[in-house]
Ligand SMILES: [Zn+2]
Ligand SMILES: [Zn+2]
């Protein structure tokens, strides 16, 4: 049965990321730590597709840290998507420089950098008013691989 015809699709275990949704860039562009409700929070800076962890290679404790950050982040992200009672609170958490979700994420991005150039994907609520300054240091953002970044802070805004 095709998945789109399955009325219970959302109640099933997620299937692995399809091959066509994985990054195939051959020159190792930087990666972005960004949670999009998938099980692997690593995306290619250039093609924005998912990067498999074995394509980078890092120790198991860092894999555990990335997985728990991903789940932690999804809690806020889902409350924001839910648009209910906690939307504003969740958005504030996702936007605040010193919120636990951003502190833990930025720390994980720093650790990822020991294995591959990596940036932290900063939440942006809409595309109507793109950020022009870094949420961490306030410097003007620049372009890298068509993404809007602060290189010293290892942040990509609106990834
Ligand atoms: Zn790619
Ligand atoms: Zn900065």
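The values are calculated or read from the model by the stated rules, or taken from the named source; none is laboratory data. Please read these numbers as outputs of a predicted model, since none were measured by experiment. As a convention, Cβ positions derive from the backbone with ideal geometry for all residues, glycine included, and neighbour counts pool all protein chains shown.
Conditions (1) at pLDDT below 95; (2) closer than 20 Å to residue 28 by Cα; (3) within 16 Å of ligand 1 (Cβ to nearest atom), marked per residue:
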| site | (1), (2), (3) |
| --- | --- |
| 105 | no, no, no |
| 110 | no, yes, no |
| 113 | no, yes, no |
| 119 | no, yes, yes |
| 125 | yes, no, no |
| 130 | yes, no, no |
| 159 | yes, yes, yes |
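Looking only at residues in region 5-56 that are within 14 Å of the chain's Cα centre (by Cα), more than 16 Å from ligand 2 (Cβ to nearest atom) and in a strand (DSSP E or B), which one is nearest to residue 105 (Cα to Cα)?
42
Residue by residue, here is whether (1) surrounded by 20 or more Cβ atoms within 10 Å (Cβ to Cβ); (2) more than 14 Å from ligand 2 (Cβ to nearest atom) holds:
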site	(1), (2)
113	no, yes
118	yes, yes
126	no, yes
130	no, yes
141	yes, no
156	yes, no
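Give me the pairs: first residue in region 1-27 and closer than 20 Å to residue 39 by Cα, second residue outside any loop (DSSP other than H, G, I, E, B) and modelled with pLDDT under 85, beta-carbon distance under 6 Å, and six or more apart or on different chains, which are they?
9/3
Can residue 149 be described as crowded, with 20+ Cβ neighbours inside 10 Å, within 15 Å of ligand 2 (Cβ to nearest atom) and in contact (Cβ under 8 Å) with a residue 24 or more places away in the chain?
So residue 149 fits the description; yes.
Which fully enclosed strands (runs of 3 or more DSSP E) of region 65-156 have 1 or more residues being in contact with a helix residue (DSSP H, G or I) (Cβ under 7 Å, 6 or more places away or on another chain) and within 18 Å of residue 36 (Cβ to Cβ)?
On the way: elements: 118-122, 142-144, 147-150.
Hits in region 65-156: 118-122.
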